[in-house]
Each structure stands twice: as structure tokens, then as C-alpha cells.
Amino acid sequence: MSLVRNVGTIGGLTAVSRIFGFARDMLISRALGAGLAADAWQLAFTLPNTFRRLFAEGAFSVAFVPMYTRRLHGAEGEEDVARRQEEADAFAGDVLSVFVWVLLGFSALCMIFMPGIVWLLAREYQEVPGKFELSVLLSRVTFPYLGLISLVAMLSGVLNARSKFAPGAFVPVFLNLVMIAGIIIGWVLRGEHGDDRIVAWALAISLALSGVVQLAYMAWASRRAGVRLKISAPKFTPEVKRLGMLILPATFGAGIYQVSQLVDTFFATSLPQGSLSLLKYADRLNQMPLGIFGIALGTAILPMLARHIQSDNKSEAQRLQSNAIEIAMLLCLPAAVALIVCAEAFTTGIFQGGKMRLEDTAIMGQIVVALVCGLPAYVLIKVFQPAFFSREDTRTPVFVAAGALAINIALNFYVVPRYGIVGLAAATAITATLNVATLYTILQLRGWYHFTAKLAGRIVRQLAATAIMGAVLYWLTPSLEPYWSGHAGERVFSLAALVVAGGVSFFGAAYLLGALDKDLIAQLRRKRPAAPVDLSE
């Protein structure tokens, strides 16, 4: 299956999840606004999810998937498929037998020392009566989600290596459905003028329950795909030890964005109450294209790159990276500019209402603009890192990430006191851009990937089409402004009009300017994979 079709599968199902995620956050913003309970909940939600992205979906996946893939596909010319699958599943079973105990131990320690963790990230919460205590309690309830979803990530990696991307892309839908149910239950129990902490507790419990539901679904999907994993007494086999050695540096290298999230959380909690909540709501808009395009590309490209590199097929590896970059820029450039031009429209139209005030969504819009300036960099990091991980080089991204994180912290100390939460978001975008520029430079110097004139020409045309779309949206937004904060129908109409106008103007201009590679796009429409498009000339 081609990269384009894999990305289409993952991105399409991720888009479904993101839609439910938007519905979830719309309900949370109306139920809690940007106050005490909202900030406590956001911190309790951030902790397990950051560790999930850092360890399970980041470091573990980028180290585990190439090793599992090599066992699954064996040496070139080897035809005993059943034996290869049995060996790959045996390796995964050994990893799982160790992984479960590591997760249990780590989660238990974090729950015990949760007051210290919350103090490190949000010591200023102690100045607001009840806020620190609520944050600790909610975080203890939500933290078991880390262990459950980490097992989900492992099963997803096994299926991805077998080119079965749909279950892993669809499973987050269960998270959002269970949490939406939790919000509704908490809303009902609280009543019209009740305590917001009731809703926060309902959210925390629903997050933990969603982990159980997701793990049950992935276990079923894995059995249905013929995966047979057995949990036994933990054994530190040479391969498990090798995986551990790869995970340690990858924990940092693959998770710079997540580490930055913890840094941002630390600085956001030092700002006026509600700042953390506004940052997280704004990041939901930033995460929409990042989750659909960036994560989909990174997930699809890693096992494919590992196969090409294993067979020493450098031309195919170059082609795959170039195609991934073209797809990434084709999708995220217009998304970034559209969010910059229409930030106020989206934050007001989606989040304003209930306990979320109009002045809060105005600040949120400014945060969105700052965040999405780094959107191309966030996505390209997901595209470039697999070039290292597929070669089992998890060390190089460590040093790149360490430098970027150090610059991010230094910038935050300068911009946060002067520009508040918006400056904090801008610092994240700046350091992500430095990160991706450094990764590309190293790939170029090592001869692992080079940017071609053909690809550069395509991106220039994409930029021109993006500029035309931006001008159309800039011209259109004033006439739709009265509808952004109207009733539900008016909001849907105004936001839909912006989305349609942006999509039509960009893809129309892209078609006329030649920014769309017709052969590459045609792969999305074919039932069988087409001949690969080569941008490596």
C-alpha cells in the first residue's frame, strides 16, 4: 500500500476522532470556562497524555516498530511468512511482558508522588484555595490512563507494521465518546449553579474508563488481524535490552513537542488563572492539522522507511521522504495560513458560550496565531525523525532536541513576563522551526536525504496558492464577523463558509499553478496502489 493511501487511511480516521475531540472540548469550555476547575482538569489531563505521547507513542513506537518490522519481513527473499510472523510476535510478547511491569511501576510511583509532580509544574496553584489539592486528586484519578493507553500504542505499532493502520487511527474515537458521556453526566449532576468540581471529577473518571475501552478494542482488533501475543514472566532477552537502549535516547528525541508541552505548562501556571485552559483550547485548533497530517505521515512512513533501508534501497527511501514532504506542505501550509487569518472566527465560533466569555476567546485567538506559525515545523519534525529512527539512530535527535528545548526555556524566561501566554506559544513555534532546520541539515550532511529542485518548485507553487487563499479569506472575514458569536446556525454557516472558501480557493489555485502533483493525488482515487511518484530527481 502506498504512502498516500496509508496517510489517507490514518488521516481520515484521525479526522473523525478530531471532530469528536472538538465536540468534547466545546462542551468542556462551556461547562468549565477558564476558571479554577478548568485549570485543575487541564493539568490532570496533560500529565498522562504528555507521558503517553513521550514514551508510548513517541520513544517506544519509534524504537519498537523498526525492530518488529525487521522480524516480520525477515531477510530479502525469505518466503516463510508464518515463521516470520511467529518470531515477530514472540519478540513483541517478550517486550509486552516487561513493558507491563514497567508501566505499573512507573504509574504507581507517579501517583504516590503526585503532590510533588504538581508542585513542580504548578506551584502557583497553592495560592488559590483548593486549586492545588483538586489538581493532585484529579491527576491521581487520570494517571492510570497512561498505562492503559501505552498498551494500546504498542498494539497499534504491531498492526501498523503489518500495514493495518485503521484500528490505531480509529481507537481515539472511543476516548472522545466516553469523555463526552462523562461531561454530560457531570453537567447533569452539577445542575445550573452547582460546583464545577463535579464536572471535573466526572471528566477524570471518564478518562480512566476510556483507557479500558480503548485497550479492549485494540486487543480485539489484534486478535482479528492474527496477532498472537503471550504475556509471560518478564525476561530481559538481548533484543529486549537492545530495545531499552534505543528507547532511552528516543524518549527525548521523539518527544521534543511533548517536553515543550510540560515546559509550557510550567510557565502557563505562573500566569493569571485560566491561562493554562486557554492555551490547551487553542492547541486543540493547532492539533487538528498536526494530528491529521503530521502524525499520519510519521506513522505511515516509519515502517515503510525501515523496509527500504533494510533492503538498502536508497532511491526508494529518498522518494518516500520527498513524497511525505510534498504531502505535508500541501496540507499544512494552507491550514496554517487559514488558522492565522481566521483565528478569531474559529475560537469565537467554536468555544465561546456558557462559562467561556468573549474576552477569553479573543485571547485564545492570539494564542492560535502564535502556535500555528510553527505548524509546518511541527509536521516536518514528524516526517524527518523517522529517517533517523528507521536506521536505529535515536541518539542524534536527542542532541537536536536538547538544544531546541534549552532555547525554548531561555525564550520563555524572556517572553512570558513581557508577552504572557501569547509569547509562550510563539516561543514554542520558534524552537520547533529551529529543531526541524537542524534535523534536515544533519540528514543532508550524512547523505540520507537531499532536497531536490523538483520538490522545491512544487513547494513554491504551493506557497503561491496559499497566498491566494489567504487573500480570499482576509477579504471575506469582515462580512462574516457578525455571525461568529450568533446562534448555532449562524456560527455553523460562517465557519463553513470560511472553510469552503478557503478550500476552493487554495485547491483551485493549486491546480492552476501546478502545485498539485496529479500522479500523486491520483493514488488516493485508485483501489490499487499506483506506480510511485518520484520527487527525488
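Some notes on this structure:
- For region 165-181, filtered to residues that are modelled with pLDDT under 95 and of a type in the set (Gly, Ala, Ser), the residue that is farthest from LEU137 (Cα to Cα) is ALA166.
- Test: residue in region 357-366 that is within 16 Å of VAL259 (Cα to Cα), assigned to a helix (DSSP H, G or I) and touching a helix residue (DSSP H, G or I) at 6+ places or on another chain (Cβ under 8 Å): no
- Being among the aromatic types (Phe, Trp, Tyr) and modelled with pLDDT under 90 is a property that holds for PHE22.
- Some residue of region 187-201 being modelled with pLDDT of 90 or more, within 21 Å of LEU148 (Cα to Cα), part of a helix (DSSP H, G or I) and of a type outside the set (D, E, K, R): yes
- Of the candidates ALA410, ALA427, the single residue that is surrounded by fewer than 18 Cβ atoms within 10 Å (Cβ to Cβ), among the aliphatic types (A, V, I, L, M), free of Cβ contacts under 8 Å to residues at least 24 places away in the same chain and assigned to a helix (DSSP H, G or I) is ALA410.
- Filter pass, LEU120 being assigned to a helix (DSSP H, G or I) and modelled with pLDDT under 95: yes
- Exactly one residue out of ALA432, ALA465 is at pLDDT 95 or above, in a helix (DSSP H, G or I) and surrounded by 18 or more Cβ atoms within 10 Å (Cβ to Cβ): that is ALA465.
- Verdict on SER17 being part of a helix (DSSP H, G or I), touching a helix residue (DSSP H, G or I) at 6+ places or on another chain (Cβ under 6 Å) and at pLDDT 75 or above: yes
- Residue that is modelled with the lowest pLDDT [pool: residues in region 134-161 that are touching a Pro at 6+ places or on another chain (Cβ under 9 Å) and more than 16 Å from TYR217 (Cα to Cα)]: ALA161
- Test: residue in region 387-397 that is within 30 Å of LEU278 (Cβ to Cβ) and surrounded by 15 or more Cβ atoms within 10 Å (Cβ to Cβ): no
- The set of residues in region 109-150 being of a type in the set (Gly, Ala, Ser), within 26 Å of the chain's Cα centre (by Cα) and under 22 Å from GLY35 (Cβ atoms) consists of ALA122, SER135, SER139.
- When every residue of region 366-382 is checked against the conditions, none turns out to be of a type outside the set (S, T, N, Q) and over 30 Å from PHE506 (Cα atoms).
- Within the option set LEU455, LEU513, LEU473, LEU520, being modelled with pLDDT of 95 or more and in contact with a helix residue (DSSP H, G or I) (Cβ under 9 Å, 6 or more places away or on another chain) holds for one residue only, LEU473.
- Of everything listed in (1) surrounded by fewer than 15 Cβ atoms within 10 Å (Cβ to Cβ); (2) at pLDDT below 90; (3) hydrophobic (A, V, I, L, M, F, W, C), the single unmet condition for VAL504 is (2).
- Subset of region 336-356 that is under 19 Å from GLY33 (Cβ atoms) and surrounded by fewer than 22 Cβ atoms within 10 Å (Cβ to Cβ) - its residue that is modelled with the highest pLDDT: GLU344
- Restricting PHE506, PHE493 to residues that are outside the structural domain of GLN385 (by TED's automatic domain parsing), among the hydrophobic types (A, V, I, L, M, F, W, C) and touching a Ser or Thr at 6+ places or on another chain (Cβ under 7 Å) narrows the list to PHE506.
- Hey, VAL379 assigned by TED's automatic domain parsing to the domain that holds VAL436, in contact with a Pro (Cβ under 8 Å, 6 or more places away or on another chain) and surrounded by fewer than 23 Cβ atoms within 10 Å (Cβ to Cβ) or not: no
The values are calculated or read from the model by the stated rules, or taken from the named source; none is laboratory data. Being a predicted model, the structure only gives us computed values, none of them experimental. Using ideal geometry, Cβ is built from the backbone for each residue, glycine included, and neighbour counts are taken over all protein chains shown.
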